[in-house]
């Protein structure tokens, strides 16, 4: 062919291959009908959910934020928060609050367990849930510059007994720090007060959890008060307070295949400490669980 | 000097189409097509050899015709097409013999292109949204077709290591739709009520059949080594796929024990959804197509565009019937046109 040019094959540096001249990128016809994006999120569904969740957010949890100015208006950032309540109430509060206040979408990383459940899995993904896989996080943060929420405690946070409330569990294996380093984005710690009291766990039933294949099966105060079914979906009206801490920048070059493991563990521990201390500080000033 | 190409599975959909496309390429001197069955599309200058893919025959053909390029399009990726034993013979044993012949002492083969499938990534809840060529699958393969394709890719990797002078290209195609091809998925979309797994609406990715052919020829002509995903841009939910395909009613399948529930329907011949497709109907799959684009390939269709094109051709077929008459291969006639001195050939004229 006449219009050959020599370029280096991207995946095989050093080996030169002949490639045809690239035609100017023309838009291929794309007859999409819905608004479900590659992550499974639908802005329309989010909008419906925000409208339905608004009254709960304002009148039931009466969420109050401080330090929202620490969350950037554009560019990627990894939001890291403490995780609590048997059926965690913190994720919807954080996502709803930031989307309303900053008018930019928040995606939430979660366990693939959600995706396995019929109906629930589909709703979870339409409302911004994304399976916690490093590739997903990298693409969202680095290439698409989105806000991404993650709970490094995983299900160890919600699984803990009420008597251990506001005591942070291990922050995984520091994977969230590594993701932020690789994506070149800051970590923004968020301390949440109120979730623990919205659905306190009184007992865990490990035998039943093994049988059902779920990470934990709790018996909550809500279930004792309202019955097993209604108690599973009704939160107690605990007052929510959220404090956004200043962004943590790592000052390392992005896109490296590996980062110092000790540096990762140190940074993860520092962030965990910051959230823990913010929680203690907020609890010191809290006069009532229900009124703040 | 032009290419001398061996195409496997000439009697299959892909083998026939690839050979047709090669015939239009003046840089290709010789096309030899191999299959146990006769070609189902008209071919001008492709030499058809009826043979099974045993090692001794393959090695003799490669040596005798001085084959320099092997296009291995004969991998079965639709497990409803044949029995699992037959599929194992075709995929695993066929590839093993082919690669052994291509790597024999004194072999003239310098280019091997293999048409595999994104089935090798599987479909599981813990999957990333986009698989890159290096992302490992999340769970071990459980279906026969996936196991056989993984074995094939293993042989190919060994072949590439043992034969560094050969340019080896592995193409992994996502689900194909198009005006002509019939797959388990296209059949499901053409039923009056399209099945879905209750509570799931996974995202699908498609590649158009023309893009498949063009990508095979693209990597062959440019001798591009490596592994490449081939799939259209974008993912779309199954419900949207069905909406584009005429917005038909959808019938729910039970989310648990689905294969057991489907067994009676399969017996009755009403619905044949293989296991790997049932998984796909729960968790979907996306593959990153940027590496092949980076090498210079341009897709003509996106995932949604592929579905639309497929459905337009179904509408046309329903109105005017099968537009192309079926081709019947007649050996004596074909031999006359290719080899009889009575036929005046243009190349000799010039």
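The values are calculated or read from the model by the stated rules, or taken from the named source; none is laboratory data. Note that the structure is a prediction, hence the values are computed from the model and not measured. Here the Cβ is made from the backbone with ideal geometry for all residues, glycine too, and neighbour counts use every protein chain on show.
Residues that are closer than 15 Å to residue B:99 by Cα: find the strands (runs of 3 or more DSSP E) completely inside the stretch B:1-86 holding 2 or more of those. Reasoning before the result, please.
Numbers: elements: B:3-8, B:28-35, B:47-50, B:69-72.
Passing ranges, in order: B:3-8, B:69-72.
Could you run through the stretch B:227-257 and say how many residues are on the phi > 0 side of the Ramachandran plot, more than 12 Å from chain A (Cβ to nearest Cβ) and touching a residue at least 24 places away in the same chain (Cβ under 8 Å)? Even if it seems obvious, please write down each step before you answer.
Kept after step one, since they are on the phi > 0 side of the Ramachandran plot, are these residues of the stretch B:227-257: B:234, B:246-247, B:257.
Next, from what is left, pick out any that are more than 12 Å from chain A (Cβ to nearest Cβ): B:246, B:257.
Next cut, touching a residue at least 24 places away in the same chain (Cβ under 8 Å) only: B:246.
Of the residues in that region, 1 qualify.
For residue A:268, are the conditions met, namely being within 25 Å of the chain's Cα centre (by Cα) and closer than 24 Å to residue A:116 by Cα?
Values: within 25 Å of the chain's Cα centre (by Cα): yes; closer than 24 Å to residue A:116 by Cα: no.
Criteria not met by residue A:268.
Could you list, in sequence order, the residues of the stretch A:177-200 that are over 24 Å from residue A:72 (Cβ atoms) and part of a helix (DSSP H, G or I)? Give the derivation first.
First, pick out the residues of the stretch A:177-200 that are over 24 Å from residue A:72 (Cβ atoms): A:194-200.
Hits for the stretch A:177-200 are A:195, A:196, A:197, A:198.
Quick one: count up the residues across the stretch B:189-220 that are touching a strand residue (DSSP E or B) at 6+ places or on another chain (Cβ under 6 Å), away from every other protein chain (no Cβ under 12 Å) and surrounded by fewer than 21 Cβ atoms within 10 Å (Cβ to Cβ).
Of the residues in that region, 2 qualify.
Tell me yes or no: at least one residue of the stretch B:106-128 is more than 17 Å from the chain's Cα centre (by Cα), surrounded by fewer than 23 Cβ atoms within 10 Å (Cβ to Cβ), closer than 26 Å to residue B:30 by Cβ and within 14 Å of chain A (Cβ to nearest Cβ).
yes
Among the residues of the stretch A:212-221, write down those that are over 21 Å from residue A:290 (Cα atoms) and modelled with pLDDT of 85 or more. Spell out the reasoning first.
Start the filter on the stretch A:212-221 by keeping residues that are over 21 Å from residue A:290 (Cα atoms), which leaves A:212-219.
Result: A:216, A:217, A:218, A:219.
Report, by residue number, each residue of the stretch B:290-306 that is more than 7 Å from chain A (Cβ to nearest Cβ) and buried (at least 20 other Cβ atoms within 10 Å of the Cβ).
So the first thing to find is which residues in the stretch B:290-306 are more than 7 Å from chain A (Cβ to nearest Cβ), and the list is B:290, B:292-293, B:297, B:303, B:306.
Selection gives B:292, B:297, B:303, B:306.
For residue B:71, state whether it is farther than 22 Å from residue B:163 by Cβ and either touching a helix residue (DSSP H, G or I) at 6+ places or on another chain (Cβ under 6 Å) or crowded, with 16+ Cβ neighbours inside 10 Å (or both).
Working: farther than 22 Å from residue B:163 by Cβ: no; either touching a helix residue (DSSP H, G or I) at 6+ places or on another chain (Cβ under 6 Å) or crowded, with 16+ Cβ neighbours inside 10 Å (or both): yes.
Criteria not met by residue B:71.
Using the structure shown, decide if residue B:46 is touching a residue at least 60 places away in the same chain (Cβ under 8 Å), touching a strand residue (DSSP E or B) at 6+ places or on another chain (Cβ under 7 Å) and crowded, with 18+ Cβ neighbours inside 10 Å. Break it down stepwise before answering.
Details: touching a residue at least 60 places away in the same chain (Cβ under 8 Å): no; touching a strand residue (DSSP E or B) at 6+ places or on another chain (Cβ under 7 Å): yes; crowded, with 18+ Cβ neighbours inside 10 Å: yes.
Judged against the criteria, residue B:46 is not a match.
Could you check how many residues of the stretch A:90-130 are touching a residue at least 24 places away in the same chain (Cβ under 8 Å), in contact with a strand residue (DSSP E or B) (Cβ under 7 Å, 6 or more places away or on another chain) and at the interface with chain B (Cβ under 8 Å from one of its Cβ atoms)?
The number of residues fulfilling the criteria is 1.
Mind checking which residues of the stretch B:155-190 are within 27 Å of residue A:121 (Cα to Cα) and in a loop (DSSP other than H, G, I, E, B)?
B:174
Looking at the structure I just gave you, is residue B:223 within 14 Å of chain A (Cβ to nearest Cβ), in contact (Cβ under 8 Å) with a residue 24 or more places away in the chain and assigned to a helix (DSSP H, G or I)?
The answer is no for residue B:223.
Looking for whichever is under 21 Å from residue A:160 (Cα atoms), surrounded by 14 or more Cβ atoms within 10 Å (Cβ to Cβ), touching a helix residue (DSSP H, G or I) at 6+ places or on another chain (Cβ under 8 Å) and at pLDDT 95 or above here; the options are A:202, A:242, A:279. Which one fits?
Values: A:202 fails: at pLDDT 95 or above; A:279 fails: touching a helix residue (DSSP H, G or I) at 6+ places or on another chain (Cβ under 8 Å).
Every option except A:242 fails the conditions.
What residue, of B:123, B:138, is in contact with a helix residue (DSSP H, G or I) (Cβ under 9 Å, 6 or more places away or on another chain), farther than 21 Å from residue B:219 by Cβ and touching a residue at least 60 places away in the same chain (Cβ under 8 Å)?
Working: B:138 fails: touching a residue at least 60 places away in the same chain (Cβ under 8 Å).
Checking each option against the conditions leaves just B:123.
Please work out if residue B:267 is more than 10 Å from every other protein chain (Cβ to nearest Cβ), farther than 16 Å from residue B:189 by Cα and in contact (Cβ under 8 Å) with a residue 24 or more places away in the chain.
Numbers: more than 10 Å from every other protein chain (Cβ to nearest Cβ): yes; farther than 16 Å from residue B:189 by Cα: yes; in contact (Cβ under 8 Å) with a residue 24 or more places away in the chain: no.
It is false that residue B:267 is more than 10 Å from every other protein chain (Cβ to nearest Cβ), farther than 16 Å from residue B:189 by Cα and in contact (Cβ under 8 Å) with a residue 24 or more places away in the chain.
Considering only the stretch A:37-60, I want to know if a residue exists there that is in contact with a helix residue (DSSP H, G or I) (Cβ under 6 Å, 6 or more places away or on another chain), at pLDDT 90 or above and facing chain B (nearest Cβ under 7 Å).
Among the residues of the stretch A:37-60, at least one is in contact with a helix residue (DSSP H, G or I) (Cβ under 6 Å, 6 or more places away or on another chain), at pLDDT 90 or above and facing chain B (nearest Cβ under 7 Å), which makes the answer yes.
Output the number of residues of the stretch B:134-154 satisfying the condition of being in a loop (DSSP other than H, G, I, E, B) and surrounded by fewer than 18 Cβ atoms within 10 Å (Cβ to Cβ). Spell out the reasoning first.
Of all residues in the stretch B:134-154, those in a loop (DSSP other than H, G, I, E, B) come to B:134-143.
Add one more test, that the residue is surrounded by fewer than 18 Cβ atoms within 10 Å (Cβ to Cβ), and what stays is B:134-137, B:139-140, B:142.
Number satisfying all stated conditions: 7.
Specify the residue that is surrounded by the fewest Cβ atoms within 10 Å (Cβ to Cβ); the eligible residues are those in the stretch A:131-148 that are more than 17 Å from residue B:132 (Cβ to Cβ) and either in contact (Cβ under 8 Å) with a residue 60 or more places away in the chain or within 7 Å of chain B (Cβ to nearest Cβ) (or both). Break it down into steps so the answer makes sense when it comes.
Filtering the stretch A:131-148 for residues more than 17 Å from residue B:132 (Cβ to Cβ) gives A:132, A:145-148.
Then drop every residue that is not either in contact (Cβ under 8 Å) with a residue 60 or more places away in the chain or within 7 Å of chain B (Cβ to nearest Cβ) (or both), which leaves A:145-148.
Values: A:145: 14, A:146: 22, A:147: 25, A:148: 26.
The qualifying residue surrounded by the fewest Cβ atoms within 10 Å (Cβ to Cβ) is A:145.
Given the conditions (1) at pLDDT 95 or above; (2) touching a helix residue (DSSP H, G or I) at 6+ places or on another chain (Cβ under 8 Å); (3) in a helix (DSSP H, G or I), and given that residue B:299 satisfies all but one, which numbered condition is not satisfied?
(3)
Which residues, taken from the stretch B:240-253, are crowded, with 19+ Cβ neighbours inside 10 Å and outside any loop (DSSP other than H, G, I, E, B)? Show your work before the answer.
Filtering the stretch B:240-253 down to residues crowded, with 19+ Cβ neighbours inside 10 Å leaves B:240-242, B:244-245, B:253.
Selection gives B:240, B:241, B:242, B:244, B:253.
Run down B:277, B:281 and say which single residue is out of contact with any strand residue (DSSP E or B) (no Cβ under 8 Å at 6 or more places or on another chain) and in contact (Cβ under 8 Å) with a residue 60 or more places away in the chain.
Numbers: B:281 fails: out of contact with any strand residue (DSSP E or B) (no Cβ under 8 Å at 6 or more places or on another chain).
Result of the check over B:277, B:281: B:277.
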